[in-house]
Amino acid sequence: MSRTRTALLAALALVAGASGTALAVAPGDAGIAAVPCAVDYKVQNQWDTGFTTAVTITNNGAAKSSWSLKWSYAGNQKVTNFWNSKISQSGTAVTAANESYNGTLATGGSVSFGFQGSYSGTNAVPATFTLDGVICNVGGGGPTDPGPTDPGPTDPGTPGTRVDNPYAGAKVYVNPEWSANAAAEPGGSRISNQPTGVWLDRVAAINGAGGKMGLRAHLDEALKQKGSGELAVQLVIYDLPGRDCAALASNGEFGPTDIDKYKTQYIDPIAAILADSKYASLRIVTTVELDSLPNLVTNVSPRNTATPNCDTMKSNGNYIKGVGYALNKLGDVPNVYNYVDAGHHGWLGWDDNFSATVQTIKQAATAEGATVNDVHGFITNTANYSALKEPYYSINDSVNGKSVRESKWVDWNRYVDELSYAQAFRQEAVNQGFPSGVGMLIDTSRNGWGGSARPTGPGAKTDVDTYVDGGRLDRRLNTGNWCNQSGAGLGERPKASPAAGIDAYVWIKPPGESDGASSAVPNDEGKGFDRMCDPTYTGNPRNNNHMSGALPNAPLSGHWFSAQFQELMKNAYPAL
């Protein structure tokens with residue numbers, strides 16, 4: 001995860017004999033006074049002119065109802081924005097004070113906050129921190145002091161050594177099969193060199209089926225594309241028992257009780273291939289089991305969105321077991337980076353979904369031998385359409401005394417776009433015990449919402465619905481609509497370290513590959529017909545009974561959909 005070193009600087013130095021040697025004392029050492037506080041300062045991401053940092057304070061003294069942490073920089077670092085604390089800076093001196101909601105700091109308790117900064121030249125870790133005027137010890141890591149076994153951001157490290165952000169300083173694998181489909185479309189050569197995810201959505205995909213490349217073939221091609229630099233390969237791990245319990249278009253090949261088959265026929269062969277030393281120099285990013293764990297939160301009884309299939313998967317525990325097993329086995333491969341699916345803001349942004357989803361993911365991340373350290377991060381908006389940023393309204397706006405949360409579109413959600421949701425999700429995961437260095441990915445493959453329908457400013461303040469509907473970029477009929485959405489466009493191009501806490505914008509869903517068939521299509525891939533892919537469908541509780549908004553004449557999920565690809569290019573934002 002984040003680069004860090006353990007360098008205890010004793011706040012209370014003890015002299016050992018006549019030698020004058022200073023002993024670093026650890027909290028809890030018998031007979032020795034504990035240091036009053038500890039600070040863990042981690043540089044998470046760094047680029048030519050900026051960086052993001054996570055800071056954790058542990059209080060070993062008396063309980064506090066408020067706190068203030070101070071440090072000074074040796075260089076020209078400037079804090080530009082921050083979260084979970086109030087930060088001010090005067091010259092090189094920085095002060096971080098608690099927010100109203102995180103001032104309480106019990107004895108032995110910890111609190112975390114983060115910030116983004118700018119710099120030029122060097123970016124040294126601060127040498128000294130004081131908490132309410134008392135010097136703390138510090139364990140920190142940064143580009144100027146990466147530690148004995150941890151490479152800095154410009155040092156790729158030895159094969160198998162995990163870096164903080166697998167996308168930083170690396171090319172990303174271009175799937176030649178998707179690239180050929182894109183290039184064959186009129187105008188498609190403009191994006192056919194973009195990296196996309198490789199979907200391992202059935203056992204046959206591991207060795208290749210229907211003339212398509214298998215996993216080894218992709219990894220061999222990745223080594224060719226890698227050359228002498230670094231390269232990340234994006235794989236989608238997607239074949240759970242009872243897969244997609246609330247949908248039909250992407251139902252899988254394993255039944256609800258086939259957990260042993262999932263382990264031995266699917267995960268074990270993938271793990272064996274990834275562990276081959278031939279591929280040790282690749283950075284292998286796995287996005288683990290989309291649309292699974294969130295279903296255990298939102299689509300189970302007694303909710304009105306409950307489905308019998310999801311109730312079954314919650315009661316038998318096989319989603320939890322399957323994800324835990326995958327994280328454990330794949331996490332054992334030193335050059336694999338596991339990112340767990342975290343839905344999207346229009347699914348999980350409500351109060352009763354948000355923290356419960358993190359709890360469910362943590363349950364899976366500590367099952368079947370897995371630990372939270374097997375999770376390198378989380379991914380949001382995979383194969384979905386939620387706007388990255390909504391520039392023309394915010395969750396804090398109100399019209400005629402009504403909050404935008406009361407609008408029909410927002411519907412009491414706490415988030416209006418993916419970036420704010422992803423950053424908050426990351427912090428909630430850290431609060432619940434995931435490593436402070438976890439990063440986020442956002443799938444921007446189809447959330448651009450450009451074209452002639454794109455708003456150019458806020459909506460009229462006639463009422464809250466007019467204001468939101470007039471200014472929102474996301475032009476869907478409802479955020480619950482997910483299948484082949486009409487009017488969608490390509491989003492931000494894949495990019496490393498684009499925002500605080502975000503490891504990359506990615507195209508995990510290959511643009512032009514269908515979400516599901518518009519009508520029933522016989523197949524041997526285990527894929528059913530979901531009415532949400534039918535443009536005549538009038539909806540269900542999961543989309544507040546809106547029309548589906550789906551394009552007509554779509555093929556099976558994962559199959560090439562030329563008409564959608566053309567529409568995505570036409571409505572791309574940024575424009576092609």
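Using the basic label-point model (7 angstrom from Cα toward the beta carbon), what is the ASP276 to LYS212 distance in nanometres?
Rounded to a tenth, the inter-label distance reads 1.9 nm.
Hey, with R₀ at 22 Å, roughly what FRET efficiency would LYS389 and ASP351 work out to, going by the Cβ-Cβ distance, to 0.05?
Calculated transfer efficiency: 0.50.
Calculate the dipole size of the stretch 436-576 relative to its Cα centre from +1 charges on Lys and Arg beta carbons and -1 charges on Asp and Glu beta carbons; express the result in debye to the nearest 20.
320
What nm distance separates the two modelled labels at VAL134 and ALA106, each placed 7 Å from Cα along Cα→Cβ?
1.8
Working with all protein chains in place, sort MET532, MET547 by solvent-accessible area computed with a 1.4 Å probe, largest first.
Per-residue accessible area, sorted high to low, gives MET547, MET532.
When you count, for each residue, the other Cβ atoms within 10 Å and take the mean per peptide, how do 115-122, 216-223, 468-475, 285-292 rank with the highest first?
Going from most to least packed, we get 285-292, 468-475, 216-223, 115-122.
Among bridges DSSP assigns within the chain, what percent are antiparallel (round to 5)?
So the antiparallel bridges in the chain amount to around 60 percent.
Averaging sequence separations of C-alpha pairs under 8 Å and six or more residues apart, then dividing by the length of the stretch 476-576, give the relative contact order as a whole percent.
38
In the chain, if the dipole is taken from +1 on Lys/Arg beta carbons and -1 on Asp/Glu beta carbons about the Cα centre, which of LEU556, VAL79, THR357 is farthest to the positive end?
VAL79
Given the stretch 510-576 reduced to its alpha-carbon atoms as identical point scatterers, what log10 I(q)/I(0) does the Debye formula return at q = 0.28, 0.29 Å⁻¹?
The Debye formula, applied to the Cα set alone, gives -1.14, -1.17.
Taking LYS70 as the anchor, which lysines have their alpha carbon closer than 21 Å to its alpha carbon, excluding any fewer than eight residues away along the same chain?
LYS42, LYS78, LYS86
Once fully extended, how much extra length lies between ALA306 and THR257, figured as 0.36 nm per residue of separation less the alpha-carbon to alpha-carbon distance?
15.7 nm
Along the charge dipole of the chain, Cβ charges K/R +1 and D/E -1, which of THR58, PHE425, ALA247 sits furthest on the positive end?
Of the candidates, THR58 comes out farthest on the positive side.
Are there chymotrypsin sites (Phe, Trp or Tyr not before Pro) in the stretch 280-383 that DSSP puts in a loop and that have at most 10 other Cβ atoms within 10 Å, and which ones?
Here no loop site has a sparse enough neighbourhood.
Ranked from the most accessible area to the least, with a 1.4 Å probe and all protein chains present, what is the order of LYS408, LYS226?
LYS408, LYS226
Rank these by accessible area, largest first, 1.4 Å probe: THR312, THR307.
THR312, THR307
VAL521 label point, 7 Å along Cα→Cβ, cut-off 20 Å on backbone N: hits in the stretch 249-288?
249-254, by backbone N distance to the label point.
Relative contact order for the stretch 217-259: what is it in percent, counting Cα pairs under 8 Å that are at least 6 residues apart?
28
Find the accessible area per residue for the stretch 500-576; the probe is 1.4 Å, ligands and nucleic acids are left out, and the unit is Å².
Result: 38 Å² per residue.
Given the C-alpha atoms of the chain, compute the convex hull and give its volume per residue in Å³.
It is 173 Å³ per residue.
Counting only protein heavy atoms and a 1.4 Å probe, tell me what percentage of the chain's accessible area is made up of carbon and sulfur.
Roughly 51 percent, rounded to a whole number.
How large is log10 I(q)/I(0) at q = 0.24 Å⁻¹ when the Debye formula is applied to the Cα atoms of the stretch 434-529, each weighted equally and without solvent?
The Debye formula, applied to the Cα set alone, gives -1.19.
Give the separation of the Cα centroids, the stretch 163-218 to the stretch 489-519, in Å.
Centre-to-centre (Cα) distance: 13 Å.
Among HIS218, THR286, SER452, flag the residue with its Cα farthest along the positive direction of the charge dipole of the chain, charges on Cβ as +1 for Lys/Arg and -1 for Asp/Glu.
Of the listed residues, the answer is SER452.
What number comes out for accessible area per residue over the stretch 155-229 if the probe is 1.4 Å? Units Å², please.
44
Report, in deg cm²/dmol and to the nearest 500, the calculated mean residue ellipticity at 222 nm for the chain, where each DSSP H run with n ≥ 4 adds -39500 (n - 2.57) and the sum is divided by the residue count.
Rounded to the nearest 500, it is -5500 deg cm²/dmol.
Could you give the size of the charge dipole of the stretch 470-533 about its Cα centre, using +1 on the Cβ of each K and R and -1 on the Cβ of each D and E, expressed in debye and rounded to the nearest 20?
Using Cβ point charges on Lys, Arg, Asp and Glu, the stretch 470-533 gives about 320 debye.
Which value, in debye to the nearest 20, gives the size of the charge dipole of the chain about its Cα centre, when Lys and Arg are +1 and Asp and Glu are -1 at the Cβ?
It comes to approximately 780 debye.
Please give, to one decimal in nm, the separation of the simple spin-label points placed at ALA63 and ASN545, each 7 Å out from Cα toward the Cβ.
About 5.0 nm, to one decimal.
For the stretch 413-488, report the accessible area per residue in Å² (1.4 Å probe, heavy atoms, rounded to an integer).
Value returned for the stretch 413-488: 29 Å² of accessible area per residue.
So for the chain, averaging the separation of alpha carbon pairs under 8 Å that are six or more residues apart and normalising by length, what relative contact order in percent results?
Here the relative contact order equals 11 percent.
The values are calculated or read from the model by the stated rules, or taken from the named source; none is laboratory data. Keep in mind that what you see is a predicted model, and the values were worked out from it rather than measured. In this analysis, Cβ positions are derived from the backbone assuming ideal geometry, glycine residues included, and neighbour counts consider all displayed protein chains. These area figures cover heavy atoms from the full protein model, side chains too; ligands, DNA and RNA do not enter into them. Shrake-Rupley method; radii C 1.70, N 1.55, O 1.52, S 1.80 Å.
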